[in-house]
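These notes are about the structure you will find just below.
The values are calculated or read from the model by the stated rules, or taken from the named source; none is laboratory data. None of these values were measured; they are calculated from a predicted model. Reconstructed Cβ throughout: ideal geometry from the backbone, glycine too, with neighbour counts over all protein chains shown.
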Amino acid sequence: MQLLILFTLFLVGTFAGPCGNRNTGKCGYESCHPIKDGYINVHFVPHSHDDVGWLKTVDQYYYGTNNTIQLAAVQFIFDSVLEALSKNPDRRFIYVETAFFWKWWEKQNEETQAAVKDLVSSGRLEFIGGAWSMNDEANANYISIIDQFTWGLRKLNDTFGACGRPHIGWQIDPFGHTRQMAALFTLFGYDGLFFGRLDYEEKSQRLRNKTAEMIWQSSPNLGRSADLFTHALYNIYVSPKGYCFDIKCAEDPIVDDKESPLYNVEWKGEGLIDWINNQSSQYKTNNIILTMGDDFQYTAAGINFYSMDKIIKYINSKQSSGSKINAIYSTPSCYLKAVNDRNETFPTKSDDFIPYKSDKHSYWTGFFTSRPTQKYYERRGNNILQTCKQLAVQSMEGFKYESKITPLREAMGIMQHHDAITGTAKQHVANDYARILSNGIHECVEATSTILSRISGFTKSNYTTCPLMNISACAVSEQSDQFLVTIYNPLSRPITEFARLPISDNDSYDVIDPQKKKLITQIVPLPKSVIDIPGRVSSAVAELIFEATNLPPLGYKSFIVRKDPTKKTTNGTFTRSAQLENNSVDIGDKWFGLKINAQDSRRYTMYVDGQEIPLTQEFMYYKSMAGNNSEDVHRASGAYIFRPNGSASSICDHLNESKIFKGPLVQEIHTTCNNWTSQVVRKYKGDDHFEFEWLVGPIPDNDNIGKEVISRFKLSNYHNDKTFYTDSNGREMLKRVLNYRSSFDLKENVENISGNYYPINSQIMLTDGRTRFAVLNDRAQGGSSLDDGELELMVHRRMFFDDDFGVGEALNEPAYGTGLVVRGQHYLTFGSADNQFAVQRLLAQKKLIRPQYLFSKISPAVSYEEIKSTTTLEFSGMKNALPDNVQLLTLEPWKEGTVLLRLEHIFEYNEDKNLSKPVVINVQDLFTKFRIVSLRETILGGNQWLSQHTKLSWRTEDNTIVKEEIPISNNGETTDPKHISLTPMQIRTLVAEIVPAY
Ligand SMILES: *[C@@H]1O[C@H](CO)[C@@H](O)[C@H](O)[C@H]1NC(C)=O
Ligand SMILES: [Zn+2]
């Protein structure tokens with residue numbers, strides 16, 4: 001061992017030329033500086049935390065404009081780090097956010113690019129994390145996380161090869177950590193995860209017990225292969241106090257010139273040694289990590305490295321007089337490898353790190369809901385991206401559309417950033433995110449339209465979208481006497497969808513399907529509250545509804561809609577007041593229906609299989625705590641923090657106006673709660689759930705008291721024993737128990753409303769053992785169950801105080817000269833415990849990966865026959881549907897003649913008698929446009945062949961060895977497309993060579 005160390009040092013001495021351009025050809029674990037047995041090894045990890053937008057926009061951060069807002073200029077970080085690393089081959093630097101790196105890389109000349117490649121291939125510059133941004137974990141959906149990793153990792157892989165492949169998760173700033181994110185890291189092939197933020201009670205307990213390093217058992221479905229080494233960082237992610245050497249800190253550099261009166265290395269060095277001893281006493285091995293950096297540091301990296309060089313030298317110089325501390329430049333990988341080499345055992349953890357609390361009164365659970373319209377827009381972006389990627393593959397000329405898809409890929413990567421989707425950026429930055437996303441969507445939709453025209457042959461006009469359908473506005477459907485509506489289904493199974501098209505009068509319409517069948521239609525008026533949404537420019541006063549049955553998988557149906565001005569009656573619709581038919585069910589039937597209480601419109605009777613169950617649904621609000629944040633107890637509720645001042649009070653009184661609309665396709669109860677809160681509760685024919693479409697805002701600001709609005713559902717006498725279940729990033733479910741954490745002692749629980757809030761990406765559920773009661777949503781929201789039988793979701797918040805975590809603005813979102821108005825949907829399901837999981841899973845999937853609507857205006861002179869004879873009105877991308885428990889998660893153009901294909905099992909092992917079973921599928925001749933000639937499996941990010949992937953092993957305290965179990969036999973290089981097996985919650989990523997199917 002000693003010999004080897006000497007030999008390595010010798011090599012360094014020999015090859016380090018004056019310009020420092022030295023390529024050892026070794027990166028990753030092989031490029032680490034050696035550690036010393038019998039010493040505390042101190043790993044100095046120089047890094048810069050570069051938010052992809054927060055107080056400044058992405059571009060303002062990159063170029064370094066607007067420095068009065070925040071001194072930050074990312075482009076100069078790369079320039080200066082490159083120079084500093086070249087000067088001394090011992091130095092190391094890690095970089096995380098590929099969005100910024102790529103922006104810089106593309107602008108460099110060949111010489112600079114070669115110098116960077118040299119640093120990467122010698123492990124001196126290492127990519128960690130490596131996704132487009134450091135994504136938020138609470139609000140991000142798993143599909144978008146996978147996509148943004150895939151894109152960042154692909155850029156690195158294509159540019160740097162194996163040495164550019166990150167294998168460490170570096171989630172240093174996100175505000176809490178989900179178990180699904182950990183599971184995804186294992187699937188991306190990462191060896192470990194480092195993060196900075198966890199409940200301070202859990203952190204102090206872990207430091208005391210030396211359990212801040214653990215094996216996170218991140219998926220009960222994937223088993224031991226989803227075990228992840230996890231390290232909670234000692235000092236969040238910043239330099240030890242007093243040792244920030246960055247130009248931004250304006251602290252003294254290290255002076256080691258004994259002749260100088262400024263000589264300070266000794267007392268500075270001794271101070272750091274105290275810190276090191278203290279930190280080391282709280283971790284299990286003889287290694288510790290010093291995070292040497294902070295937000296946007298290293299713009300003048302020479303200054304940082306100069307002082308680090310000197311202090312490392314000082315610490316090591318003391319070894320000759322018996323010091324047992326060894327300081328080295330390092331990276332998280334090298335730290336992790338050193339820890340792994342100790343063969344130590346670690347405790348396990350199987351819950352998550354949510355919610356995060358940074359002091360007694362500061363639960364970071366407000367950002368689960370902050371900026372609700374931005375959170376919805378992000379979900380739409382994902383939907384549109386999946387559609388345009390699928391269609392690009394089906395066009396068989398995917399490469400032609402790369403430039404149309406990439407802006408949305410990158411926009412979605414930016415949106416996942418932990419100040420973007422979280423709603424914790426400044427208002428001008430949020431506006432810029434909307435601009436970026438809107439541009440990306442625009443390009444992708446253009447590709448979608450072009451490809452659809454090619455597939456359909458439709459030439460009478462083009463395909464356009466109606467991005468404002470969420471406020472019931474669409475120029476084509478409102479203003480045309482004849483138009484085509486094309487509904488594309490991005491799911492790999494057929495679905496039936498009730499289309500709702502905004503129309504400007506109560507005229508009669510004919511809707512004709514691709515088989516020339518005239519469909520049943522229904523017209524329902526828009527509530528006045530919708531018509532009055534500020535900023536809404538639309539003539540629509542009603543919606544035309546028809547049933548689009550059996551939309552083909554990865555395909556579409558086009559419907560011709562023609563106005564019939566001769567018929568003036570409203571079609572199949574009538575209204576009545578709640579009092580008139582007291583005895584009947586208002587929406588649905590006795591098997592699945594709702595009846596509103598005539599005396600109190602917050603109360604319903606729910607009919608399920610002939611049984612009557614009392615249900616309450618009401619809008620309430622928490623008053624936001626005001627405060628100046630001078631002490632913990634004066635913490636204000638803000639963009640990050642949810643701190644209610646007391647319990648929730650009701651917004652609506654019991655005498656709300658309600659109207660009922662019944663027809664052959666949908667039955668609706670429209671209620672108006674007050675002049676800023678209203679709702680439509682509906683049930684479509686044959687559906688297994690109720691839809692609650694809420695409209696909230698502008699939240700009044702006249703009393704200057706912040707308000708955080710919830711929708712609360714309650715079943716009386718329901719016994720769920722203080723236990724509820726919430727999804728993790730829209731995937732596996734986690735058990736939550738009121739006022740309880742399974743992996744630490746929750747002692748300081750004064751904020752016991754916000755401390756029980758969890759992020760809801762798709763569903764929150766209760767069970768009494770016999771039945772299940774769940775509410776699903778259409779965007780990320782905070783939610784909880786504060787009392788038995790109760791479920792609540794926070795839909796909107798408006799506040800007048802900043803919570804002092806940096807954003808410096810109160811979350812008081814304006815829109816159209818007043819407070820923001822939000823419209824969204826909740827879906828309530830209830831039924832027998834045996835089959836409800838299937839209902840919830842399939843519904844969640846359908847609401848996440850929605851059909852995309854395209855509209856084409858057609859002159860009334862054009863006859864149906866003319867359209868039909870020239871246009872393919874129905875198209876399926878698949879010859880057969882995939883089984884209900886399998887989803888085609890990704891289909892996107894990859895490289896030269898290949899496509900990236902991801903398949904996932906969408907059920908957990910214990911959810912459904914049939915659908916939870918493992919499944920085998922054949923994809924060879926599955927698609928109509930192409931045939932798969934070969935398949936090769938990769939790790940989740942597509943950046944390494946699965947057969948070439950290796951992982952480090954870890955030992956848990958119960959002394960089992962965590963070894964990677966590759967769940968499928970993959971002895972050969974290729975995978976048989978005729979036989980792809982999937983176990984519950986498994987995702988398989990495959991690169992497919994394809995040829996045209998004909
Ligand atoms: C950023 O700087 C530009 C140019 O000085 C200025 O016009 C703009 O208002 C600034 N933006 C913000 C958000 O302060
Ligand atoms: Zn950050």
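Looking at the stretch 67-100, which of its residues are of a type outside the set (Gly, Ala, Ser), away from ligand 2 (no atom under 16 Å from the Cβ) and under 27 Å from Thr406 (Cβ atoms)?
So in the stretch 67-100, the residues of a type outside the set (Gly, Ala, Ser) come out as 67-71, 74-79, 81-83, 85, 87-98, 100.
When the remaining residues are screened for being away from ligand 2 (no atom under 16 Å from the Cβ), the result is 67-68, 75-76, 78-79, 81-83, 85, 87-93.
Answer for the stretch 67-100, where residues must be of a type outside the set (Gly, Ala, Ser), away from ligand 2 (no atom under 16 Å from the Cβ) and under 27 Å from Thr406 (Cβ atoms): Gln75, Phe76, Phe78, Asp79, Val81, Leu82.
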Practice item. Considering every residue within the stretch 790-798, establish whether at least one is buried (at least 19 other Cβ atoms within 10 Å of the Cβ) and under 25 Å from Glu201 (Cβ atoms). Key: yes
Practice item. Would you check if there is a residue in the stretch 433-444 being crowded, with 17+ Cβ neighbours inside 10 Å, closer than 28 Å to Ile867 by Cα and more than 16 Å from ligand 1 (Cβ to nearest atom)? Key: yes
**Study point:** Failed condition for Met878, given (1) more than 29 Å from Gln781 (Cβ to Cβ); (2) of a type in the set (A, V, I, L, M); (3) out of contact with any Pro (no Cβ under 9 Å at 6 or more places or on another chain)
**Key:** (3)
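Which of the residues belonging to the stretch 56-107 are of a type outside the set (Gly, Ala, Ser) and farther than 26 Å from Asn135 by Cβ? Explain how you work it out, then say what you get.
We begin by selecting, within the stretch 56-107, every residue of a type outside the set (Gly, Ala, Ser); these are 56-63, 65-71, 74-79, 81-83, 85, 87-98, 100-107.
Across the stretch 56-107, the qualifying residues are Asn67, Thr68, Asp79, Leu82, Glu83, Leu85, Lys87, Asn88, Pro89, Asp90, Arg91.
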Exercise for review: Could you grab me the full set of residues in the stretch 475-516 that are without any contact (Cβ under 8 Å) to a residue 60 or more places away in the chain, farther than 30 Å from Lys879 by Cα and assigned to a strand (DSSP E or B)?
Suggested key: Pro502, Ile503, Asp510
Check your understanding: Based on what the data block shows, is Ala420 touching a Leu at 6+ places or on another chain (Cβ under 6 Å), within 16 Å of Ala140 (Cα to Cα) and of a type in the set (Gly, Ala, Ser)?
Key -> no
Point to revise | When residues of the stretch 101-137 are limited to those that are hydrophobic (A, V, I, L, M, F, W, C) and assigned to a loop (DSSP other than H, G, I, E, B), the one nearest to ligand 2 (Cβ to nearest atom) | key: Met134
Study note, to complete from the structure: Exactly one of Ala425, Ala411 is away from ligand 1 (no atom under 16 Å from the Cβ), in contact with a helix residue (DSSP H, G or I) (Cβ under 9 Å, 6 or more places away or on another chain) and either over 30 Å from Leu544 (Cα atoms) or in the same structural domain as Val52 (by TED's automatic domain parsing) (or both), and that residue is Ala411
Review point. Only one residue in Lys389, Lys400 is surrounded by fewer than 23 Cβ atoms within 10 Å (Cβ to Cβ) and either within 16 Å of ligand 1 (Cβ to nearest atom) or in a helix (DSSP H, G or I) (or both), so which one is that?
Key: Lys400
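With in contact (Cβ under 8 Å) with a residue 40 or more places away in the chain, touching a strand residue (DSSP E or B) at 6+ places or on another chain (Cβ under 7 Å), in a helix (DSSP H, G or I) and more than 16 Å from ligand 1 (Cβ to nearest atom) as the only criterion, which of Leu184, Leu156 stands out? Let's see the steps before the verdict.
Working: Leu184 fails: touching a strand residue (DSSP E or B) at 6+ places or on another chain (Cβ under 7 Å).
Being in contact (Cβ under 8 Å) with a residue 40 or more places away in the chain, touching a strand residue (DSSP E or B) at 6+ places or on another chain (Cβ under 7 Å), in a helix (DSSP H, G or I) and more than 16 Å from ligand 1 (Cβ to nearest atom) holds for just one of Leu184, Leu156, which is Leu156.
Closer than 30 Å to Pro525 by Cα, part of a helix (DSSP H, G or I) and either in contact (Cβ under 8 Å) with a residue 40 or more places away in the chain or in contact with a Cys (Cβ under 6 Å, 6 or more places away or on another chain) (or both) - does that describe any residue in the stretch 408-417? Before the answer, list the steps.
To start, the set of residues in the stretch 408-417 that are closer than 30 Å to Pro525 by Cα comprises none.
No, every residue in the stretch 408-417 fails to be closer than 30 Å to Pro525 by Cα, part of a helix (DSSP H, G or I) and either in contact (Cβ under 8 Å) with a residue 40 or more places away in the chain or in contact with a Cys (Cβ under 6 Å, 6 or more places away or on another chain) (or both).
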Exercise for review: Look through the stretch 542-566, keep the residues that are surrounded by fewer than 18 Cβ atoms within 10 Å (Cβ to Cβ) and of a type in the set (Val, Ile, Thr), and return whichever of them is farthest from Asn674 (Cα to Cα).
Suggested key: Thr566
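Looking at the stretch 862-885, can you tell me whether even one residue there is within 24 Å of Gly223 (Cα to Cα) and basic (Lys, Arg)?
Kept after step one, since they are within 24 Å of Gly223 (Cα to Cα), are these residues of the stretch 862-885: 883-885.
Checking which are basic (Lys, Arg) leaves us with none.
No, the conditions are met nowhere in the stretch 862-885.
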Exercise for review: Any residue in the stretch 161-174 that's in the same structural domain as Leu125 (by TED's automatic domain parsing) and touching a residue at least 60 places away in the same chain (Cβ under 8 Å): show its pairings with residues that are charged (D, E, K, R) and within 16 Å of ligand 1 (Cβ to nearest atom) at Cβ separation under 9 Å, as long as the two are six or more apart or on different chains.
Suggested key: Asp173/Asp51; Asp173/Asp419
Review point. Which residues, taken from the stretch 454-474, are among the charged types (D, E, K, R) and part of a helix (DSSP H, G or I)?
Key: Arg454
**Study point:** Meets criteria (under 26 Å from the mean Cα position of the chain (by Cα), under 17 Å from Trp894 (Cα atoms) and either modelled with pLDDT of 90 or more or of a type in the set (Gly, Ala, Ser) (or both)) for Arg936
**Key:** no
Revision key, fill the gap. When the stretch 46-100 is checked residue by residue, the ones that are away from ligand 1 (no atom under 16 Å from the Cβ), surrounded by fewer than 24 Cβ atoms within 10 Å (Cβ to Cβ) and part of a helix (DSSP H, G or I) are Gln75, Phe76, Asp79, Ser80, Leu82, Glu83, Ala84, Ser86, Lys87, Phe100
Check your understanding: If you go through the stretch 273-327 one residue at a time, how many are touching a Pro at 6+ places or on another chain (Cβ under 7 Å) and without any contact (Cβ under 8 Å) to a residue 40 or more places away in the chain?
Key -> 1
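Looking only at the stretch 412-457, which residues are of a type in the set (A, V, I, L, M, F, W, C) and away from ligand 2 (no atom under 16 Å from the Cβ)?
From the stretch 412-457, those of a type in the set (A, V, I, L, M, F, W, C) are 412, 414-415, 420-421, 425, 429-430, 434, 436-437, 441, 444-445, 447, 451-452, 455; that's our starting set.
The answer is Met412, Ala434, Ile436, Leu437, Ile441, Cys444, Val445, Ala447, Ile451, Leu452, Ile455.
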Exercise for review: With respect to Lys460, determine if the residue is at pLDDT below 95 and not aromatic (Phe, Trp, Tyr).
Suggested key: yes
